[in-house]
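A.B. asks: I am attaching a structure below and will ask some questions about it afterwards.
The values are calculated or read from the model by the stated rules, or taken from the named source; none is laboratory data. It should be emphasised that the depicted structure is a prediction, and the values quoted were computed from it without experimental measurement. Virtual Cβ from ideal backbone geometry, glycine too; neighbours counted across all protein chains shown.
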Amino acid sequence: MINDKNRIRFALPGKGRLREPAIELLMKSGFNFRAKDRNLYATCTNDDIVFIFVRTDDVPVLVQSGVIDCGITGSDLVIERQTEVKAVLPLDFGKCRLCVAVKEDFNEKNFSAFEGKKIATSFPNITKKFFQEKNINIDIIEMNGSVEIMIALGLADAIVDIVETGDSLRDNNLKIFCEIGNYETQLICSKALADDQRIEKIKKRIEGILIAEKYSVLEYNIREDRLKDAEKIAPGFESPTVSKLDEEGWVAVKVMVPRKETVSVMDALANMGASAIFETKIVNCRL
């Protein structure tokens, strides 16, 4: 099954912080499969896809080589592994920053303070390029896993690591010196399949869920002479759907609104005379 050339081979994180969000997103997108902790792969029961569980940082290399057709991984790992793949779709989770971190009592402000210093990191390529662009020579100590303890052990003068909340840095008496870049999880595919309709279908399904999670549908009634003002408040994804009501001079409006703005939009519409305003959450969509 795993070598079936008629199936899309789709790499997923085998463990770590991206595994469960990736599986949940795919299942919401309509791909049915069973993901057990120790399984190396899972066959999709309603599409020609086999999901293969691998190390997250191996996904870009496997996709570039063509061994895997597409996969979910961090954009930071695509850059770090220096791979040439097609970025199909940002997935809006797993957002993080890659930062240079130092001891709490580090008071230097200039990058020259890092000249000749030892920096521990799991991202040697990104780190090397960052400091090279600033004409600073450093000694990179490549580590796997947690690097926060390296300064306390005296092995490094600074670290370059992924920061989400910053709690781990504070627990180790560290602080951020500067930010190198911002990254998030993305769907990638091999360049050979960049225009493949099967990849496009996967993208559209996932995209439908991502959009649905960001928008709600608002429905309301309003006098027709106030419609243009109402459209300024809630213009919709492209434009509202407007229907005549039996009552002369009134229309019914249906419009997509960013979910985080729904309450304030409802208040504004009510203040201008709209009635029967209610919100419906979108489960899935195609736009």
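A.B. asks: If residue 277 meets every condition in (1) of a type in the set (A, V, I, L, M); (2) under 24 Å from residue 22 (Cβ atoms); (3) over 23 Å from the mean Cα position of the chain (by Cα) apart from one, which number is that one?
C.D. replies: (2)
A.B. asks: Going through 284, 221 one at a time, which residue ends up being part of a loop (DSSP other than H, G, I, E, B) and either touching a residue at least 12 places away in the same chain (Cβ under 8 Å) or loosely packed, with under 13 Cβ neighbours inside 10 Å (or both)?
C.D. replies: Checking each option against the conditions leaves just 284.
A.B. asks: Now a separate question. Only one of (1) crowded, with 21+ Cβ neighbours inside 10 Å; (2) assigned by TED's automatic domain parsing to the domain that holds residue 121 fails for residue 60. Which number is that?
C.D. replies: Result: residue 60 fails condition (2) only.
A.B. asks: If I go through segment 154-187 residue by residue, how many of them are assigned to a loop (DSSP other than H, G, I, E, B) and out of contact with any Phe, Trp or Tyr (no Cβ under 9 Å at 6 or more places or on another chain)?
C.D. replies: Count: 8.
A.B. asks: For segment 9-18, check the following and say yes or no: at least one residue is closer than 30 Å to residue 157 by Cβ and at pLDDT 95 or above.
C.D. replies: Among the residues of segment 9-18, not one is closer than 30 Å to residue 157 by Cβ and at pLDDT 95 or above, which makes the answer no.
A.B. asks: With the requirement that a residue be among the hydroxyl-bearing types (Ser, Thr, Tyr) and part of a loop (DSSP other than H, G, I, E, B), what does segment 40-81 give you?
C.D. replies: 45
A.B. asks: Residues of segment 1-45 being within 20 Å of residue 189 (Cβ to Cβ) and loosely packed, with under 13 Cβ neighbours inside 10 Å, which ones?
C.D. replies: 2, 3, 4, 5, 6
A.B. asks: Continuing with the same structure: Using beta carbons and a limit of 6 Å, which pairs, at least six apart or on different chains, have the first residue in segment 62-90 and modelled with pLDDT of 95 or more and the second one part of a loop (DSSP other than H, G, I, E, B) and aliphatic (A, V, I, L, M)?
C.D. replies: 62/68; 63/85; 64/85; 86/194
A.B. asks: Can you report the number of residues in segment 64-84 which are over 23 Å from residue 160 (Cβ atoms) and under 18 Å from the mean Cα position of the chain (by Cα)?
C.D. replies: Number satisfying all stated conditions: 3.
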